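**Q** Sharing a structure here in structure tokens format.
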Amino acid sequence: AGELLVAFELLQIPDSGVEDLPAIDEPDGNQILPVPMNIRPVLSNYRLEVFFWGLRELKRVQLLTVDRPQVFIEYAGRGIRSSVIQSYKKNPNFTVQEDCFTVELPEHEYLHPPLTISVVDWRAFGRSTLVGTHTINSLKQYMHKPSERRRSTDKRTTDRTDGSGATLQRREDEVHISIAPETPAQPMAERAFKKSLKRRLSRKFTSRRISSVATDSENVIDWWSKYDASVVKA
């Protein structure tokens, strides 16, 4: 139904009675009291990013099928809306898919308000009908916070210059380890030539090996044939 913001103060009544308690000031209807600093939450800026994909399996509303639906998202007093699907039956996807907005939220996640998603069907003569509503009580599982270590290291960057005079960015906590001495990059043509040379040499050695094996096999066969011929003559 709504939200209530109040401040409570609990006073213990002493044994002497209520008379020793501090006096209560009469409320002034024209005076606007500020929220005490000790209960005012610390706010931070958050960006809510939404990716509108499409709608599926929408039921009938008032005996009529949904034809031109639109999605409304409300969060922390702000909201965005998707594009209108012109024909849900032909193409249930949105034409404009990405949108975002920035809100101020308390740093404590348990103080974050819920997110409300509503689907509305636009009908003839500018009439709209509510198709359905869904509420997400907590966005903790969808929240992404950059780590403090990354943010601190991104801030602490120093400039250094290499031998060619080019300016490079180096972080203070980075450790560079060189396992092998650096060699200048070889030109593309030289690398391609060496690669083709290795391929040709490997083919040459393979062909030599095959020919030598074939020759050895022929010699073996020839030796056995001569041996058989000599045995027959004997």
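**Q** Between Leu43 and Cys100, what FRET efficiency comes out of the Förster formula 1/(1 + (r/R0)^6) with R0 = 25 Å and r the beta carbon distance, rounded to 0.05?
**A** 0.85
**Q** When the solvent-accessible surface of protein heavy atoms is calculated with a 1.4 angstrom probe, in what order do Ser128, Ser83 fall, highest first?
**A** So the residues, ranked largest to smallest area, are Ser128, Ser83.
**Q** At q = 0.18 Å⁻¹, what log₁₀ I(q)/I(0) does a Debye calculation on the Cα points of the range 1-120 give, no solvent, two decimals?
**A** -1.06
**Q** I've got another one for you. Pick out, from Ser82, Asn38, Val18, the residue whose Cα sits farthest towards the positive end of the charge dipole of the range 1-98, with +1 on the Cβ of Lys and Arg and -1 on the Cβ of Asp and Glu.
**A** Ranked along the dipole, the leading option is Ser82.
**Q** Please list Ile32, Ile117 from largest to smallest accessible area, probe radius 1.4 Å, with all protein chains kept in place.
**A** Ile32, Ile117
**Q** Okay, moving on. Quick one: order Val35, Val71 from most to least accessible surface, probe 1.4 Å.
**A** Greatest to least solvent exposure: Val35, Val71.
The values are calculated or read from the model by the stated rules, or taken from the named source; none is laboratory data. All of these numbers come straight from a predicted model, not from anything done at the bench. As a convention, Cβ positions derive from the backbone with ideal geometry for all residues, glycine included, and neighbour counts pool all protein chains shown. What goes into the accessible areas is simple: the full protein's heavy atoms, side chains included, and nothing from ligands, DNA or RNA. Shrake-Rupley method; radii C 1.70, N 1.55, O 1.52, S 1.80 Å.
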